[in-house]
Amino acid sequence: MAVTEKADLDMIRNSIGKIAEGFDLNYWKQKGDTKAYPWDFKDALARGGWLGMFMPEQYGGMGLGLAEVGIVLDELGQRCGFNACSLFQYWVFPPGPVIHHGSQAMKDEFLPKLATGEEMMCFAVSEPDNGVDTSRLTTFAKKDGNRYTVRGRKVWISNAQHADRVLLLTRTSPRNPERPFDGMTLFLTRLKGKKGVEITAIEKIMRNAVDSNEIVFDDFEVFEDEIVGAEGKGFKCLLDGLNPERIAVAFTAIGLGRGALNLAVQYAKDRVVFDRPIGQNQAVAHPLAASWIRLEAAYMVTQNAARLFDEGKPCGPEANAAKFLASEAGFGAADQAMQSHGGFSMATEYHVSRFWMETRHLKIAPISQEMVLNYVSDKVLGLPRSY
Ligand SMILES: Cc1cc2nc3c(=O)[nH]c(=O)nc-3n(C[C@H](O)[C@H](O)[C@H](O)COP(=O)(O)OP(=O)(O)OC[C@H]3O[C@@H](n4cnc5c(N)ncnc54)[C@H](O)[C@@H]3O)c2cc1C
């Protein structure tokens, strides 16, 4: 979809801002503390049609682009934090492989339910024993006629406690060192209420309103007509979702950084020590000003990546650069916001520590800064591949 006019982008920001007003930082603290999925927030997004904003109109979505999605993530990041962004993101990049490679029957049956929020999905790629080297995943789908039996373990799979379906990456033939990414098959299959699967939530330090899980598949049945794309070509189908994921994560990191900065600026105006607001000290003010500058720069790089994607142009280097810069700028701002809050940064009622942990996470997942640098070294600079 073509880049939306500035007025439309403002309209999107205002609409999301109005929704966010009903879900303040105390709401998110309570949801995180009690590990409770924010159903009322999800319903509010669904009522406005926002869950389907990145999905094609023919399946009930708005057919908008990443530039527009970025406005939503920036606004939610600032006002609500990572739980809200993360919830919304499960309607942004996981459906990508289905939209681009799913069979017509699969798309007709599933996407309209996803767009309205009637159904939820998760995606299961990561495994405990192979880390960022996806080519070594071992979860195996063994074929028998038109069905497959899946055995293996996945880890960190977010949203799985409530997801109706899972986008599941498996191996269907052993790893060939000559073509390590061949032989993987992607399935979109029902998760909820199915036999042969055990889902266990992982205790984590942040974003606790959205669960992350270990999943054990043991004789879990999937069917031929649930394959996304073609057998053995699953990794290629997944690749389509990677650039949007990186760009969406970059917008999220910027929103979170801006949220933390807003808290710090307010605190620096309000907190009086030595008979003056602490923000009057340049040692407090300048790092906050530098954080704002870095966030602005990262935002422009991210908008550029989103524009290229929305115009259907190659954007791998730009998406990776955006993810790298935005996570650095977001975490840098949150870290500075901690410093500005002094001892009170440690009190959870001030919320700033949540932004700090959430932005720290984005330097690690969904893709680490090191793997972004590996990509740029290899694909952009042409240096010998190191991994
Ligand atoms: C909260 C959370 C939610 C998640 N949600 C999902 C989800 O929904 N679905 C899903 O599939 N996955 C999910 N993940 C998994 C996430 O994508 C991985 O945690 C992430 O890719 C890092 O993998 P790892 O922890 O196994 O790192 P490892 O591979 O163990 O790497 C550890 C460190 O070593 C570095 N490293 C390793 N090899 C190299 C190299 N060759 N060069 C340079 N550095 C290297 C890495 O960059 C990293 O810093 C989630 C993770 C978290 C924490």
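For the reader, a short list of remarks on this structure follows.
- By the beta-carbon count within 10 Å of each Cβ, the least crowded to most crowded order of V376, V197, fewest first, is V376, V197.
- Assuming charge only on the beta carbon of Lys and Arg (+1) and of Asp and Glu (-1), the dipole of segment 1-95 about its Cα centre is about 300 debye to the nearest 20.
- The label point for T149 and the one for T116, both projected 7 Å from the Cα toward the Cβ, are 3.8 nm apart.
- Dipole magnitude of the chain about its Cα centre (Cβ charges: Lys, Arg +1; Asp, Glu -1), debye to nearest 20: 560 debye
- All-pairs alpha carbon distance profile, segment 6-116, 10 Å steps from 0, percent: 14, 46, 29, 10, 0
- Length gained on full extension, N176 to N26, computed as 0.36 nm times the residue gap minus the Cα-Cα distance: 48.9 nm.
- Length-normalised contact order of segment 92-181 in % [C-alpha pairs under 8 Å, at least 6 apart]: 31 percent
- Cα gyration tensor, segment 121-232 - rounded (a/c under 1.5), prolate or oblate: oblate
- Shape category assigned to segment 253-297 from the gyration tensor of Cα positions, a/c cut at 1.5: oblate
- The chain: Rg to Rh, with Rh as the Kirkwood radius over Cα pairs: 0.98
- Ranking of W50, W39 by count of other Cβ atoms within 10 Å, fewest first: W39, W50
- DSSP H segments from the chain that extend 15 Å or more along their own axis, Cα-based, with Kyte-Doolittle mean of -1.0 or above: 6-21, 66-79, 104-116, 242-270, 282-310, 316-340
- Dipole of the chain, positive end: most advanced residue of Q303, W356, Q30 [Cβ charges, Cα centre]: W356
- Residues R246, R13, R165, sorted so that the one with the fewest Cβ neighbours within 10 Å comes first: R13, R165, R246
- Residues of segment 290-315 with amide N under 12 Å of the 7 Å Cα→Cβ point at V380: 301-302, 305, 315
A short reminder: the numbers here are calculations on the coordinates, not readings from a lab. Computed from a predicted structure; not experimentally measured. All Cβ positions, glycine included, derive from the backbone under ideal geometry; neighbour counts span all protein chains shown.
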